[in-house]
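**Q** Once you've had a glance at the structure underneath, I'll fire off some questions.
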Amino acid sequence: MARTREFDEEKVLDAAMQLFWEKGYEATSLSDLTSRMGIQRPSIYSAFGDKKELFEAALRRYTMSRASDVRANLQGHTSVKEAFSAFFAGVIAEEYVENRSRGCFCINTMVELAPHDEKFEILTREHQMYLTVIFQETIERGIQSGELKADTDAKSLAQALIVSLIGLTVMMKSRPQRSFVDNAIATTLTLLK
């Protein structure tokens with residue numbers, strides 16, 4: 001007879017996600033994981049598999065949550081220009097307020113693992129493409145409302161904004177001057193005509 005789990009799987013997965021997000025895959029040990037998750041190795045293996053499978057589950061949890069947050073954030077504004085301005089301002093503010101730059105868990109994975117592991121190359125690319133679709137839908141809403149020019153190429157503009165977002169997130173790890181970042185994003189947002 002199978003034993004029932006004596007822990008909340010979502011709660012321990014969130015704990016693993018936070019730890020991987022803070023330290024990365026390679027720097028996170030199984031001892032770190034058992035300590036943060038509050039469960040023992042056999043329970044980790046039973047619920048999630050090995051360390052890489054746990055990391056994948058944590059990354060998938062993050063990307064689903066992040067995409068949902070991005071969509072809600074962009075839909076929460078009537079003006080598309082204001083939506084993107086608030087979104088990028090929030091990304092910047094979060095990095096400066098927290099006094100540490102964790103960046104985006106998915107982008108961190110793209111830098112750490114994707115060049116060497118096809119599975120994570122695909123997973124991180126899928127997340128980028130999904131966010132691009134969310135950006136594109138938002139831009140199309142601006143075109144339909146007349147806020148953006150009718151001849152705006154929504155797909156290309158969404159791709160440009162995603163590249164800017166990824167570049168911004170990576171750059172924030174070096175704690176650039178706030179004015180440098182604010183000016184760069186203000187210029188990027190002039191693409192929304």
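The values are calculated or read from the model by the stated rules, or taken from the named source; none is laboratory data. Computed from a predicted structure; not experimentally measured. Don't worry about glycine lacking a Cβ; one is built from the backbone with ideal geometry, like all the others, and counts go over all protein chains shown. With ligands, DNA and RNA removed, areas are computed over all heavy atoms of the protein, side chains included. Shrake-Rupley method; radii C 1.70, N 1.55, O 1.52, S 1.80 Å.
**Q** Applying the selection to the stretch 127-151, what residues are touching a residue at least 24 places away in the same chain (Cβ under 8 Å) and over 15 Å from residue 83 (Cβ atoms)?
**A** 127, 128, 130, 132, 133, 149
**Q** Any residue in the stretch 172-193 that's farther than 24 Å from residue 157 by Cβ: show its pairings with residues that are surrounded by fewer than 16 Cβ atoms within 10 Å (Cβ to Cβ) and aromatic (Phe, Trp, Tyr) at Cβ separation under 9 Å, as long as the two are six or more apart or on different chains.
**A** 175/96; 178/96
**Q** Let me ask another. Please go through the stretch 9-55 and pick out each residue that is open to solvent by 70 Å² or more (accessible area, probe 1.4 Å) and closer than 25 Å to residue 104 by Cα.
**A** 9, 10, 11, 22, 23, 26, 35, 36, 50, 52, 53
**Q** Okay, moving on. Residues that are in a helix (DSSP H, G or I), under 30 Å from residue 140 (Cα atoms) and in contact (Cβ under 8 Å) with a residue 12 or more places away in the chain: does the stretch 37-60 have at least one?
**A** Yes: one or more hits.
**Q** Among the residues of the stretch 165-184, are any part of a helix (DSSP H, G or I), closer than 17 Å to residue 83 by Cα and β-branched (Val, Ile, Thr)?
**A** The answer is no; no qualifying residue exists.
**Q** May I ask you to verify whether residue 86 is touching a helix residue (DSSP H, G or I) at 6+ places or on another chain (Cβ under 6 Å) and more than 24 Å from residue 34 (Cβ to Cβ)?
**A** Judged against the criteria, residue 86 is not a match.
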